[in-house]
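The values are calculated or read from the model by the stated rules, or taken from the named source; none is laboratory data. Bear in mind the structure is a predicted one, so any value in this text is a computation, not a measurement. For neighbour counting, all protein chains shown are included, and Cβ atoms are generated from backbone atoms with ideal geometry for every residue, glycine included. Calculation scope for accessible area: heavy atoms of the full protein, side chains included, ligands and nucleic acids excluded. Shrake-Rupley method; radii C 1.70, N 1.55, O 1.52, S 1.80 Å.
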Amino acid sequence: MRRMKLLTERDLKQIVPLDLKAVQCIEDAFHSLATKKVAMPPILRLDIPEHRGEVDVKTAYVPGVDGFAIKISPGFFDNPKIGLPSTNGMMVLLSSKTGLVQALLLDNGYLTDVRTAAAGAVAAKYLARKDAFVAAILGAGMQAK
């Protein structure tokens, strides 16, 4: 049996920077979503009301791609009161040919931050006026950084 890779948030920050390559990857993913028979089931959501928590599970399969990921994204919104982050998470990368686990990505939401920022760049590319040269960022959260 093949060895499974285990990548931490620190590892992923070195491997997957927010750069033009990441933006192109997200643009290609949007193109696939619009033009291919992508399998993307509804988000599975589990509420944990007594702890102001929720867990979302997301996945998709793009035909022709050798792997797919399952994202597990918890949000426990009282955690900052006890010194913990309100969100974290991980992804499991599996082979689309065999279903075998290839990697466990302990990203703590980092890959989501990169994907969201790259999606904003793609949106700006197609929705901004052609003569625009200034962008306004509203908010003070992770995406504003």
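Packing, taken as the mean count of other beta carbons within 10 Å per residue, orders the peptides 44-57, 20-33 from highest to lowest as 20-33, 44-57.
Under a 5 Å amide H cut-off, with hydrogens placed 1.01 Å from N, Gly67 pairs with Ser96 among residues at least 5 apart or on other chains.
Please work out whether the stretch 20-69 counts as rounded, prolate or oblate from its C-alpha gyration tensor, where a ≥ b ≥ c are the square roots of the eigenvalues and a/c under 1.5 means rounded, while otherwise a/b larger than b/c means prolate and anything else oblate?
prolate
For the residue pairs Lys97/Lys125; Lys37/Lys71; Lys21/Lys81; Lys71/Lys130; Lys71/Lys145; Lys5/Lys71, the C-alpha atoms sit more than 28 angstrom apart in Lys97/Lys125; Lys21/Lys81; Lys71/Lys130. Looking at the stretch 5-144, the accessible area is 70 square angstrom per residue; that uses a 1.4 Å probe and ignores ligands, DNA and RNA.
Taking the Cβ-Cβ separation of Gln14 and Asp131 as r and a Förster radius of 41 Å, what is the calculated FRET efficiency to the nearest 0.05? Mind showing how you got there, number by number?
On the way: r = 37 Å, r/R0 = 0.90.
The formula returns an efficiency of 0.65 here.
Assuming a ≥ b ≥ c are the square roots of the Cα gyration tensor eigenvalues, decide whether the chain counts as rounded (a/c under 1.5), prolate (otherwise, with a/b larger than b/c) or oblate. It comes out oblate by the Cα gyration axes. At a 1.4 Å probe, what is the % contribution of carbon and sulfur to the accessible area of the chain? Accessible surface attributable to carbon and sulfur in the chain totals 63 percent.
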